[in-house]
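For reference, the structure discussed in these notes is given below.
The values are calculated or read from the model by the stated rules, or taken from the named source; none is laboratory data. As the structure is a computational prediction, the values presented were derived from the model and not from experiment. For neighbour counting, all protein chains shown are included, and Cβ atoms are generated from backbone atoms with ideal geometry for every residue, glycine included. Ligands, DNA and RNA are stripped out before the accessible areas are found, and what is left, the full protein with its side chains, is counted by its heavy atoms. Shrake-Rupley method; radii C 1.70, N 1.55, O 1.52, S 1.80 Å.
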Amino acid sequence: MSPLKAVRGVRDILPGESPRWQQVEAAARAVFEAYGYREIRLPLFERTELFARGIGDETDIVKKEMYTFEDRGGESLTLRPEATASLLRAYIEHGLHVQPKPVRLYTLGPMFRYERPQAGRYRQFHQADVEALGEIHPAVDAEVIAMLVDFFGALRLADRLELHINSIGDAGTRPVYVARLVEYLTPRREGLCPECRTRLDRNPLRVLDCKVPDCQPIIEKAPSILDSLSPEAAQHFESVRQCLDAMGVRYTVNPRLVRGLDYYVRTTFELLTTELGAQNAVAGGGRYDGLIKQLEGPPDPGVGFAIGLERMVLLLRDVEVAATPLALLIPLGDAALKRLLPLARRARQEGVGVELGYGGRKLQKELERANRLGVGWAVIAGENELAQGEAVLKEMKTGEQRRVPLTRLADELIALARGRKDPV
Ligand code: AMP
């Protein structure tokens, strides 16, 4: 029998990668909280109906990508494919709308979609999701977008991404544009890829999103949605742009940015990179003013975005992150182990990462281990040193060594860690 492997499209995040995940998650929390967002933690599965109603029956997600199952009680449940629907369900269920508006919430965690796995696209993946609820003002759209840009700035990735924004108009006036689009596309149907021919019948707006080269000449000449905005939607978009300009946020207006979910109105936006091949969208979002009401909640508007964390971590792959312990403590023999154990514990209680040998191995072997761990220092305590109440502190890079009294060793390590600017 061969050993079992993880399910296709689902991956382990191994310790070598974890520091980058922690870095991304810490930056998300720090930036979002500075903008007044508070964390909400949501269940990983919900009633299937929530997603059918909240995302839209005609979307690819609901039609083809959900992990839906019946539980033992016969209820149809679905692993969440995105966080917005769950977050709004919680907002309504717990009456959070009575709080001062906008109610600002964020959540981090795994999502599940049955998609074709490839580099940067998985069946279990992670998102940071942010929503500002209950405020219609275009400044909120701009503020949310600026926060997204600042998050990338905090990770020093701002220069490697491009912000695209668009307005897809109001739900009431969008059918006018869709009719114009269908009128334009129908005579050109044969030139479209098979997928777009289906989209033309089911969800024509999505044709604008297609990345297939054959479709591009047709898409480029399609009528622009920006010419079909209602006066209110046009004014809203103009105001979002002015607010972004006032904050010095750089963007490209992309009239073909329509996004995959049914619920968006007015503002849509995406952050794109040229570094990840076909999976070039790192984050995306928009405004969804009718959605909360559609889920039987108050008539509150909303605007938000989701960041794909796997893609963030991929972008950070060339950024060095140190997670090595500061020192390896090497007791030679059992008596030395008993002296070093409590000192290691004290250093660790202060947040200083140290590794410990257990006294049974030869010094040479332990020094090899120190090299492989990549620690900065080795602390050696044999019978000689112990008899004098001391240990040898050896800097691995230079080979320089000095003696330190055992009573001061923990403090010395803590001081070294502070000097190394470790997170202590
Ligand atoms: P969406 O919820 O589809 O708007 O996606 C928001 C972001 O999540 C995208 O920009 C991607 O970065 C990320 N994302 C979406 N689907 C996947 C997936 N299957 N695997 C990895 N990341 C994904």
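With point charges of +1 on the Cβ of Lys and Arg and -1 on the Cβ of Asp and Glu, referenced to the Cα centre of the chain, which listed residue (ALA6, PHE269, ALA222) lies farthest in the positive direction of the dipole?
ALA6
So how exposed is ASP209, as accessible area in Å² (1.4 Å probe, rounded to 10)?
Rounded to the nearest 10, that gives 30 Å².
Got a sec? What order do SER76, SER167 fall in by accessible area at 1.4 Å, biggest, i.e. largest, first?
SER76, SER167
What's the magnitude of the charge dipole for the range 272-424 around its Cα centre, counting Lys and Arg as +1 and Asp and Glu as -1 at the beta-carbon? Answer in Debye, nearest 20.
Result for the range 272-424 is approximately 500 debye, rounded to the nearest 20.
Just tell me which lysines come within less than 26 Å, Cα to Cα, of LYS221; anything on the same chain fewer than 8 places away is out.
LYS211
So for the range 271-424, Kirkwood radius off the Cα pairs, Stokes-Einstein at 20 °C and 1.002 mPa s: how many µm² s⁻¹?
112
Rank ALA410, ALA281, GLN294 by how far each Cα sits towards the positive end of the charge dipole of the chain (+1 on Lys, Arg Cβ; -1 on Asp, Glu Cβ) and give me just the farthest.
It is ALA410.
What is the calculated FRET efficiency for GLN242 to LYS338, with r their C-beta to C-beta distance and R₀ = 45 Å, to the nearest 0.05?
0.05
Relative contact order of the range 47-157: what whole-number percent is it, with Cα pairs under 8 angstrom and at least 6 residues apart?
That works out to 21 percent.
Just to confirm the filter: which trypsin sites (Lys or Arg not before Pro) across the range 1-88 are DSSP coil and have at most 15 other Cβ within 10 angstrom of their Cβ?
For trypsin sites (Lys or Arg not before Pro) across the range 1-88 that sit outside H, G, I, E and B with at most 15 neighbouring Cβ atoms in 10 Å, the list reads LYS5, ARG8, ARG11, ARG41, ARG72.
Considering only protein heavy atoms and a probe of 1.4 Å, how much of the accessible area of the chain is carbon and sulfur, as a whole percent?
The C+S portion of the solvent-accessible surface of the chain is 51 percent.
Please report the projected area of the range 28-181's Cα convex hull averaged over all directions, in nm².
For the range 28-181, averaging the hull's shadow over all directions gives 11.9 nm².
Where does each of GLU296, GLU412, GLU350 land when they are ordered by accessible area, with a 1.4 Å probe and the largest first?
My answer, sorted largest first, is GLU296, GLU350, GLU412.
Long-range amide H contacts for VAL265: which residues qualify at under 5 Å (H placed 1.01 Å from N, peptide plane, sequence gap of 5 or more or a different chain)?
So VAL265 has HN proximity to ARG287, TYR288, ASP289.
Once a ≥ b ≥ c are taken as the square roots of the eigenvalues of the Cα gyration tensor of the range 88-163, is the result rounded (a/c under 1.5), prolate (a/b larger than b/c) or oblate (a/b not larger than b/c)?
On the way: a/c = 2.76, a/b = 1.27, b/c = 2.17.
Taking the square roots of the gyration eigenvalues as a ≥ b ≥ c, the range 88-163 is oblate.
Check each of the trypsin sites (Lys or Arg not before Pro) in the range 189-279 and keep only those in coil by DSSP with at most 12 other C-beta atoms within 10 angstrom; list them in order.
LYS211, LYS221, ARG250
Give me the percent of DSSP beta bridges within the range 325-421 that run antiparallel, rounded to the nearest 5.
If I count the DSSP bridges inside the range 325-421, around 55 percent turn out antiparallel.
About the Cα centre, and with charges only on the beta carbon of Lys, Arg (+1) and Asp, Glu (-1), how big is the dipole of the range 197-345? Nearest 20 debye, please.
Once rounded to the nearest 20, the dipole reads 400 debye.
Just the accessible area for SER224, please: 1.4 Å probe, Å², rounded to the nearest 10?
Looks like 30 Å² after rounding.
Using the Cα centre of the chain as the reference point, and only Cβ charges (+1 on K/R, -1 on D/E), how large is the resulting charge dipole? Debye, rounded to the nearest 20.
With Lys and Arg at +1 and Asp and Glu at -1, about 1260 debye.
Please calculate how many Å² of accessible area the chain carries per residue, with a 1.4 Å probe and no DNA, RNA or ligand atoms counted. Kindly include the intermediate steps, with their values, before the conclusion.
On the way: 21180 Å² over 424 residues.
Accessible area per residue, the chain: 50 Å².
Label-point separation (nm) for VAL392 and GLU195, each offset 7 Å from Cα along Cα-to-Cβ?
Label at VAL392, label at GLU195, 6.3 nm between them.
Please list, in order, the residues from the range 87-121 whose amide nitrogen is less than 14 Å from a point placed 7 Å along the Cα→Cβ vector of ARG317.
Within reach of a label on ARG317: 118-121.
Report the local net charge at GLY382: Lys and Arg +1, Asp and Glu -1, summed over other residues whose C-beta lies under 13 Å from its C-beta.
Once positives and negatives cancel, what remains is 0.
Using a 1.4 angstrom probe with every protein chain in place, what is the largest-first accessible-area order of PHE69, PHE45, PHE269? Provide the component values of the computation, followed by the final result.
Values: PHE69 85, PHE45 110, PHE269 0 Å².
The ordering from most to least exposed comes out as PHE45, PHE69, PHE269.
Just want the answer: with Cβ charges of +1 for Lys and Arg and -1 for Asp and Glu, which residue in GLY73, HIS137, VAL98 is farthest toward the dipole's positive end in the range 1-148?
It is GLY73.
Tell me, what is the percent relative contact order of the chain, built from C-alpha pairs under 8 Å that lie six or more residues apart?
15
Can you list residues from other chains, or at least 5 along the same chain, whose modelled amide H is less than 5 Å from the amide H of MET66?
So MET66 has HN proximity to TYR114.
Of all DSSP beta bridges in the chain, what percent run antiparallel (nearest 5)?
The antiparallel fraction comes to roughly 80 percent.
Please give the contour-minus-distance gain from VAL7 to ARG369: 0.36 nm per residue of separation, less the Cα-Cα distance, rounded to one decimal in nm.
Using 0.36 nm per residue and subtracting the Cα-Cα distance, I get 126.9 nm.
Determine the shape class of the chain: with a ≥ b ≥ c the square roots of the Cα gyration tensor eigenvalues, call it rounded for a/c under 1.5, and otherwise prolate if a/b is greater than b/c, oblate otherwise.
prolate
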